[in-house]
Every structure is written in structure tokens, then in C-alpha cells.
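First up is the structure itself, then whatever we jot down about it.
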Amino acid sequence: MKIRSCISTRPRAVLEADAQREHFHWYSWHFGGYDRKMHDARLCHYIPCNLGEIPDYYRRFIDPPDLFVLKTRDVDANGYFNLSASNLWHRAIAERAKIVVVEVSDGLPYLHGVENGLHSSEVDYVIESDSGLPPELPNPLPCGTDRAVARLITAEVEDGACLQVGIGGMPNAVCSLLLESGVRNLGVHTEMLTDGIIDLYKAGFISGAHKALDPGKIVCSFAFGSQELYRTIDRNVDFLACPVEYTNLPHMIMQNERVVSINNTTQMDLQGQASSESSGHRHISGTGGQLQFVRGAYASRGGKSFICLSSTYERHGVRKSRIVLDLTPGNVVTTPRSDVMYGVTEFGMVNLKGKSVPERAKAMISLAHADFRDGLDREAREHGLIPRSFA
């Protein structure tokens, strides 16, 4: 039996009961902490994807699933089971699945949206669940490095910009600093709805007045954060949950002007390749919507995309550079060098568009910690990325 899922938030019973993989094979579209742990034990496997393409995979390339199980709100007066805070590719699976089962819980928020529900005529079985609250995503306070990176990015955000904010401390730090910046009339068209966006909304910074798509609405495909986030979106007409093919495909994103895309990475090489989802052959998370929003923001009139990272990390008491000559062997390229626009660390910001390989190498070295710059420059010259005569 093949089982596909995305971002497990609690242990999976079949994985715990079938440790030798005699009966169940687990596949994930994007790893959470539990999926990562199971992958390390060779019990879970990643499916490479651009998240916005997954509905099309189910319609064109994946055999009709025998069984589709999802959690929803109880049926409403119009006969629909609301999908709550996870629209994603659910409708595409339901269209093809042989059996559709919903587990209903009134503890989930009710989220208005486009195709954010299944009609009772499409559902074969209903499981009555408890009214337990949805899982939370911890939001640690931003550190000094996060705020230094965020300060550089917020200076580039204009009134009326349309935000996409990824997961992590740095993107949320950008939202925190935008609260101090005085920027107004922001719009939101994002894959993931985060607590940082909720803070901007509650402070009155988001109006969506300048959006071409869904003006006045905060558009997302799923929401994951605190209980305060879930309380805020519950039956709130300012929020709109849409299928991930609507939120993530570049030709949709680009229809809004001044799109600002903010995403994390874990390693960049001197040519500008960003590796955001693996550590060697150990898979950590997933491509998600990063590449699609990088491309959509660039194609947007006046758009900007930012790939941000801390310049260093520490492992076993040794500090290492995240800016490197070559990516760690086995590391997956999430965003190619040809797509990266702005790279940002606490030491600066560089725009790689239109730069040659030597110019890129010099620019990326400037983002590294001072302790590593001379070594990176020497390596770049030894390997021909920077000619010896290049200033």
C-alpha cells in the first residue's frame, strides 16, 4: 500500500506499526519534523515537486487513489464539508479517488475560499471526530541575524506591494519590521499563511487595494501557525483559501504588480545556486513553492524575490560558512542560479540578475562572514570562477 501525505504534525500509526515496510510505503510531498525523522530511518520518501503542480500530477500522472482521507469541518447548511485551512490539491484528489472519507471536527477554523469544500454528494464515508484544536507551528522570536536580514529586505518593500512570505524566522522577522516601517496598503498572495502576516493584518497594514487578483482579499492555499492565527481566519471574509495551482503557478502570481517573494535557504554557492531542502543526501523539507514564487515575482511588474540565509552555522562546535564554492555533495538545487534575484545575509544584499560568473562570485563572497571571505576568494580564483586579473 502506498500512502501520500504532506507535513506530518504527529506520529503516523502505520509507520509505527510497520517498521519493516512489509505492508505500507510512505511518501511525502513536503517534510515536517516527523517525516524527516522517518526518512532518516528509511521509512519515508520524498516526492520531488513544485507544490503548485501537484493538482496536475494527480490529474495526469498518478493512478486514481483507492482511498482519500482528509479532515474537514462538519457539513454546512449548503451541504459542503469545509476544507478549513488546507485547500492545496484536495479537490484534484477528490475528483479521481475511488473512495472519499472525511473526518469532521468543529475544532478546525472555517475558511472561506475558492473550491474550499467537498459537497456531501462527493463523500462516501464520514468519521465523527473530536473538537480538538488544529496543530500549531511554533514561532520562535527572531534573532539578531534574522532582524539584520529583515532590515535589508524591508527597505525594498514599497507601499502597495503584494507579499509572499515563506516559513521560518527570517521571513517572519520581515513582517515584524514592516510593522515599524510605515509601509501601507500591502496585499497578500501567498502559499502559506503565517503568523507574521496575521500581525500585519491586525495592525491595519494590509488592504489588498492594489491587487489585480482578488483585491481586498488575503489569498493563501493553507494556513499553519498559532491558535491566534486560526481564530483570526475563522469565518473571516477578508481571507480566501484557494487551490495551490491558483496561488503558486507563476503565470497567476505575476498578474499582481510589485510582488515581493521572501524565502529561506540553507546554502548558496558562488554562482548563486540556492539549496533549500537537503543536507547532502539527507532530505530536510521540500522545494515547496520557492522556485515558483521566485519566478512569479520576477515576472511581476516591479516585482522582487529575496532568498535569505544566515552567513554561518555551527556544527559540533565548529562554525561553517553557508556561502560556499561548491554546494555540499548531494545537495539539491532548489532555485537555479539563473532564477535567483536578490541574495541576502546579515552582511548585505546583492542582485545577481545580469551578472557574469566572476561578478556573481565576488557578489556572493561579499555576503559571507568576514572570516571566510579571503578563503572563498582564493578558491574562486583557483577554480577559474574569478580570473586572476579580475579586480
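Quick rundown of the values:
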item: FRET efficiency, 1/(1 + (r/R0)^6) with R0 35 Å, evaluated for Val357 and Arg60 via beta carbons; result: 0.40
item: Orientation-averaged projected area, Cα convex hull of the stretch 237-391 (nm²); result: 11.0 nm²
item: Diffusion coefficient, µm² s⁻¹, Stokes-Einstein with Kirkwood Rh over alpha-carbon pairs of the chain at 37 °C and 0.692 mPa s; result: 149 µm²/s
item: GNM top mover of Lys217, Lys37, Lys362 - the chain, alpha-carbon springs below 10 Å; result: Lys37
item: Gained length - Glu257 relative to Ser389, 0.36 nm times residue gap less alpha-carbon distance; result: 43.4 nm
item: Inter-part distance where the stretch 46-121 and the stretch 344-391 are each reduced to a Cα centre, Å; result: 46 Å
item: Percent antiparallel among DSSP beta bridges (both partners in the stretch 242-360, rounded to 5); result: 55 percent
item: Fluctuation leader among Ile365, Ile307, Ile153 - the chain, Gaussian network, Cα springs under 10 angstrom; result: Ile365
item: Using a Förster distance of 25 Å, the FRET efficiency for Lys320-Lys37 (Cβ separation, nearest 0.05); result: 0.60
item: Antiparallel DSSP beta bridges within the chain, as percent of all bridges there, nearest 5; result: 30 percent
item: Total charge dipole magnitude, the chain, about the Cα centre, Cβ charges on Lys, Arg, Asp, Glu only, Debye to nearest 20; result: 1220 debye
item: Pairwise centroid distance, computed over Cα atoms, of the stretch 243-266 with the stretch 309-336, Å; result: 25 Å
item: Count of Lys pairs (Cα-Cα under 28 Å; at least 8 positions apart or interchain) in the stretch 144-382; result: 13
item: Over the chain, relative contact order from alpha-carbon pairs under 8 Å, at least 6 apart, %; result: 14 percent
item: Set of the stretch 40-72 residues, backbone N closer than 16 Å to the point 7 Å along the Cα-Cβ line of Thr9; result: 70-72
item: Candidates Arg59, Arg381, Arg319, ranked by Gaussian network fluctuation over the chain, Cα under 10 Å, top entry; result: Arg319
item: Order of Asp214, Asp146, Asp35 under a 10 Å beta carbon neighbour criterion, fewest first; result: Asp214, Asp146, Asp35
item: Near-label residues of the stretch 226-252 by backbone N, under 12 Å of a point 7 Å along Cα→Cβ of Ala299; result: 248-252
item: Positive-end extreme of charge dipole, the stretch 1-154 - chosen from Leu152, Gly32, Val101 (charges on Cβ); result: Leu152
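Read-outs: derived from the displayed coordinates by stated rules, not from any lab. Computed from a predicted model, the values in this text were never measured in an experiment. Ideal geometry is used to build each Cβ from the backbone, glycine not excepted, and the neighbour counts take in all protein chains shown.
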